[in-house]
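**Q** The following block contains the structure, expressed as structure tokens.
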Amino acid sequence: MDRTVQGDHECAPERRADYQMFGLREEVAQLEAGIHRYLMTAAGRFESWLAASEVRGQS
């Protein structure tokens with residue numbers, strides 16, 4: 001990016017989203033760990049089983 005040119009800089013939407021996700025990487029990692037912990041509980045295993053059976057059309 002040429003910083004000598006005056007004016008507003010605009011990134012492509014995909015590049016901006018990538019940058020925002022990079023900034024949220026720690027929060028995303030914490031969310032994934034929390035979901036993993038929940039899915040290891042009895043309630044989480046049941047919800048996982050229920051979701052799989054609904055996808056297969058068995059409910």
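**Q** Sticking with the crude label model, points 7 Å out along Cα→Cβ, report the distance from residue 43 to residue 22 in nm, one decimal please.
**A** A separation of 3.8 nm, rounded to one decimal place.
**Q** If you don't mind, there's one more thing I want to ask. Residue by residue, what Karplus-based ³J(HN,Hα) values in Hz, rounded to whole numbers, does the stretch 19-27 have, using 6.51, -1.76 and 1.60 with θ = phi - 60° and x for Gly and Pro?
**A** Values, residue by residue: 5, 5, 5, 4, x, 9, 4, 5, 5 Hz.
**Q** With +1 on each Lys and Arg Cβ and -1 on each Asp and Glu Cβ, how big is the dipole of the chain about its Cα centre, in debye rounded to the nearest 20?
**A** My answer is approximately 300 debye.
**Q** I'd like the per residue volume of the convex hull spanned by the Cα atoms of the stretch 20-59, given in cubic angstrom.
**A** 69 Å³
**Q** If you don't mind, another one. Mean residue ellipticity at 222 nm from the helices of the chain, using -39,500 (n - 2.57) per DSSP H segment of n ≥ 4 over the full residue count, to the nearest 500 deg cm²/dmol?
**A** -21500 deg cm²/dmol
Every number in this text was worked out from the coordinates using simple rules, so none of it is lab data. In this text the structure is predicted, and so the values were computed from the model without any measurement. Glycine gets a Cβ as well: all are built from the backbone with ideal geometry, and neighbour counts include every protein chain shown.
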